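The values are calculated or read from the model by the stated rules, or taken from the named source; none is laboratory data. Computed from a prediction, not measured in an experiment: that's the story for all the values here. So basically every Cβ, Gly included, is an ideal-geometry build from the backbone, and we count neighbours across all protein chains shown.
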Amino acid sequence: MKPNYYKDEILRICDNNHLSVDEIFHIISQNTPQAALSSIYRNVEELADDGLLKRICGTSKKNYFEKTKEQHGHLIDREK
């Protein structure tokens, strides 16, 4: 697979969603079983570094990624 395929697919999956790399990988691997977690991770990091995805540090310092055009807040329910 071409790296751009993963990038386009990652951007599509993350459009208005907050997903971890593991969740992104799970979605992609359903249609592309040969996808490697390391490739998805590398592409997600490149997209975030290029400003095409936003990186959100969630609970337990786990990173989530999203693609959105609008500014919005992120809340954490500390009682759960």
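Taking the condition of being charged (D, E, K, R) and at positive phi, how many residues in segment 10-30 meet it? Spell out the reasoning first.
From segment 10-30, those charged (D, E, K, R) are 12, 15, 22-23; that's our starting set.
Now restrict to residues that are at positive phi: none.
The qualifying residues number 0.
What residue, among those in segment 10-29 that are polar (S, T, N, Q) and more than 15 Å from GLU46 (Cα to Cα), is modelled with the lowest pLDDT?
Let us first name the residues in segment 10-29 that are polar (S, T, N, Q), namely 16-17, 20, 29.
Right, trim to more than 15 Å from GLU46 (Cα to Cα) and you get 16-17, 29.
On the way: ASN16: 81, ASN17: 84, SER29: 95.
Per the stated criteria, the residue is ASN16.
If a residue must be hydroxyl-bearing (Ser, Thr, Tyr) and modelled with pLDDT under 90, how many such residues does segment 33-61 contain? Reasoning before the result, please.
Here is the first cut: in segment 33-61, the residues hydroxyl-bearing (Ser, Thr, Tyr) are 38-39, 41, 59-60.
Filter once more, keeping what is modelled with pLDDT under 90: 59-60.
Selection size over segment 33-61: 2.
Got a number for residues in segment 43-56 being in contact with a helix residue (DSSP H, G or I) (Cβ under 8 Å, 6 or more places away or on another chain) and either surrounded by 15 or more Cβ atoms within 10 Å (Cβ to Cβ) or in a loop (DSSP other than H, G, I, E, B) (or both)? Step through it out loud before you land on a result.
Filtering segment 43-56 down to residues in contact with a helix residue (DSSP H, G or I) (Cβ under 8 Å, 6 or more places away or on another chain) leaves 43-44, 46-47, 52-55.
Checking which are either surrounded by 15 or more Cβ atoms within 10 Å (Cβ to Cβ) or in a loop (DSSP other than H, G, I, E, B) (or both) leaves us with 43-44, 46-47, 52-54.
Number of matching residues: 7.
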